[in-house]
1. Mind checking which residues of region 32-55 are assigned to a strand (DSSP E or B), touching a residue at least 40 places away in the same chain (Cβ under 8 Å) and either touching a Pro at 6+ places or on another chain (Cβ under 7 Å) or over 23 Å from VAL20 (Cα atoms) (or both)?
2. Between a residue in region 1-25 that is free of Cβ contacts under 8 Å to residues at least 24 places away in the same chain and in a strand (DSSP E or B) and any residue that is aromatic (Phe, Trp, Tyr) and crowded, with 16+ Cβ neighbours inside 10 Å, which pairs come within a Cβ distance under 8 Å, given they are 6 or more apart or on different chains?
3. Would a scan of region 127-136 turn up a residue that is under 13 Å from the mean Cα position of the chain (by Cα), among the polar types (S, T, N, Q) and either under 24 Å from SER26 (Cβ atoms) or part of a helix (DSSP H, G or I) (or both)?
4. So, ARG40, is that one of a type outside the set (Asp, Glu) and within 26 Å of ARG123 (Cα to Cα) or not?
5. For residues in region 76-106 being touching a strand residue (DSSP E or B) at 6+ places or on another chain (Cβ under 7 Å) and among the polar types (S, T, N, Q), which is nearest to TYR29 (Cα to Cα)?
6. Within the group TYR29, TYR58, TYR97, which residue is closer than 22 Å to ARG117 by Cα, assigned to a loop (DSSP other than H, G, I, E, B) and of a type in the set (Ser, Thr, Tyr)?
7. Please go through (1) loosely packed, with under 13 Cβ neighbours inside 10 Å; (2) of a type outside the set (Ser, Thr, Tyr); (3) more than 18 Å from ARG6 (Cα to Cα) for LEU103 and return the number of the only condition it doesn't satisfy.
8. Identify the residue in region 104-122 that is at pLDDT 90 or above, in a loop (DSSP other than H, G, I, E, B) and of a type outside the set (S, T, N, Q) and, among all such residues, is farthest from ILE72 (Cα to Cα).
Amino acid sequence: MKIIGRKERAAFPEFNLRDVLVKIDSGAYTSSIHCDQIIRENNNTVSCVFLDPEMKGYTGEVLTFDVVKEVIVRSSNGSGEKRCMIRSSIELGGEMYPIYLTLTNRNDMRYPVLLGRRFLSKRFLIDVSKSGSGKRKEV
């Protein structure tokens, strides 16, 4: 398994996003990405704009994806939010991985992407004393 830190840099080629700061959160089950203008279409697709104008990598481009399913995501305070889940890919530590992401507005959060247990499990060990270390040796 690859060792990663509590925060890393990643790329999402399908979204044309590079060098995005991601938070590793083993307490969260699902992974999520910040987007705006989320519009659920009737034909089981969703469109959105990733990131905000002041964030690195922002393009303002509206992208459309197939919805894998809708999920209720509970926050640490117990409130639930219905989100669309999409399937994509992430480049982390120089390797590509498939990933399921929920789409949500993380505008008030420090990190635009949160990587949860569903993605991390059986792939990575987390060294919380480190950050930005996705290219470390495997264990």
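1. ILE33, HIS34, ARG40
2. Cβ pairs passing all conditions: none.
3. Within region 127-136, not a single residue is under 13 Å from the mean Cα position of the chain (by Cα), among the polar types (S, T, N, Q) and either under 24 Å from SER26 (Cβ atoms) or part of a helix (DSSP H, G or I) (or both).
4. no
5. THR102
6. Only one candidate qualifies: TYR29.
7. Just one mismatch for LEU103, condition (1).
8. So the residue we want is LYS122.
The values are calculated or read from the model by the stated rules, or taken from the named source; none is laboratory data. None of these values were measured; they are calculated from a predicted model. Neighbour counts are summed over all protein chains in view; Cβ atoms, including those assigned to glycine, are modelled from backbone coordinates with ideal geometry.
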